[in-house]
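Student: First the structure, which I've put down as structure tokens, then a few questions once you've had a look.
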Amino acid sequence: NAGVTQTPKFQVLKTGQSMTLQCAQDMNHNSMYWYRQDPGMGLRLIYYSASEGTTDKGEVPNGYNVSRLNKREFSLRLESAAPSQTSVYFCASSEGVGSYGYTFGSGTRLTVV
Amino acid sequence: KQEVTQIPAALSVPEGENLVLNCSFTDSAIYNLQWFRQDPGKGLTSLLLIQSSQREQTSGRLNASLDKSSGRSTLYIAASQPGDSATYLCAVRVDSNYQLIWGAGTKLIIKP
């Protein structure tokens, strides 16, 4: 099925461990995004990639790094996980930055203990 | 700084009722406003987009309005169905800014 695929769906990490969240889209979209969603709060943008080869910080980039591997794939890395990074992470894509037609993945529920 | 608020946080109504969800924002200088739906364990689905020059948009049983001067948008759902149960989020795009500013959402439950 066309769309945005995120892996893994669930993950438990110990404080200080590292991991990479993977995201791939098959809609030939130019822009990709990583958001986090915390209870009682709106989604907050971590990083985005307006087009292949570019990445920029969003609202809450501290503690994260990203890689736009190619047009399809955009990964999010936590180098040294902290309990404050416990959240649900969503990857999304769109034809262009800020344009309509955002397609979201199903999310990764991350718990850092 | 733009802030987006959705009240109430949760709403439960009987099937068949018409209902209104609210979204307010603090800075009227927005580029557009979008409504999304989020089902449990799934991603977000775009429902409606209203450009800053528009007053409303309609899709099936959904109608979204925008009043920039008062900093408000409403999502009207006609003849609600149990399948409408989900969390509804609004997000605004601020002029000269690439990102969306999100509300925390309204969890809607439609009782059969």
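Student: Report, as an integer, the average count of C-beta atoms from other chains found within 10 Å of each Cβ along B:32-38.
Tutor: 2
Student: Nearest-5 percent of antiparallel DSSP beta bridges in the protein assembly as shown?
Tutor: 90 percent
Student: Using only alpha-carbon positions, what ratio does the radius of gyration of segment A:61-113 give when scaled by 2.2 N^0.38 Å?
Tutor: 1.28
Student: Follow-up question, since we're still on this one. Checking the cross-link filter: which lysines have an alpha carbon closer than 30 Å to that of A:Lys14, excluding same-chain neighbours under 8 positions apart?
Tutor: A:Lys57, B:Lys42
Student: Largest first, what is the accessible-area ranking of A:Met27, A:Met32 with a 1.4 Å probe?
Tutor: Largest accessible area first, the list is A:Met27, A:Met32.
Student: Where only protein heavy atoms count, and the probe is 1.4 Å, what is the accessible area per residue for chain B in Å²?
Tutor: 47 Å²
Student: If you take every DSSP beta bridge fully contained in chain A, what fraction is antiparallel? Give it as a percent rounded to 5.
Tutor: That works out to approximately 90 percent antiparallel.
Student: Okay, next question. Looking only at Cα atoms, what is the convex hull volume of the protein assembly as shown per residue, in Å³?
Tutor: So the per-residue Cα hull volume is 122 Å³.
Student: Let me ask something additional. Shielding of B:42-51 by partners, i.e. mean partner chain Cβ atoms within 10 Å per residue?
Tutor: 4
Student: For A:Ala82 and B:Ser46, what does the FRET efficiency come to when R0 = 30 Å and r is the distance between their Cβ atoms, rounded to the nearest 0.05?
Tutor: 0.40
Student: How large is Rg/Rh for chain B, to two decimals, with Cα atoms and a Kirkwood Rh?
Tutor: For chain B, the value is 0.96.
Student: Cβ under 15 Å from B:Trp35's Cβ, B:Trp35 left aside: what net charge do those residues give with Lys, Arg +1 and Asp, Glu -1?
Tutor: +2
Student: Bin by bin, in steps of 10 Å, what percent of the Cα pairs in segment B:13-77 do you find, going until the bin that has the longest distance?
Tutor: In whole percents, the pair-distance histogram is 20, 49, 27, 4.
Student: How big is segment A:1-109 by the Kirkwood estimate over distinct Cα pairs, in Å?
Tutor: Evaluated on segment A:1-109, it is 13.8 Å.
Student: So what's the net charge close to B:Thr74: Lys and Arg +1, Asp and Glu -1, counting the other residues with Cβ under 10 Å from its Cβ?
Tutor: Local charge sum for B:Thr74: -1.
The values are calculated or read from the model by the stated rules, or taken from the named source; none is laboratory data. Just so it is clear, the model here is predicted, and its values are computed rather than measured. FYI the Cβ positions are ideal-geometry reconstructions off the backbone, even for glycines, and counts take in every protein chain you see. For accessibility, only protein heavy atoms count, side chains too; no ligands or nucleic acids. Shrake-Rupley method; radii C 1.70, N 1.55, O 1.52, S 1.80 Å.
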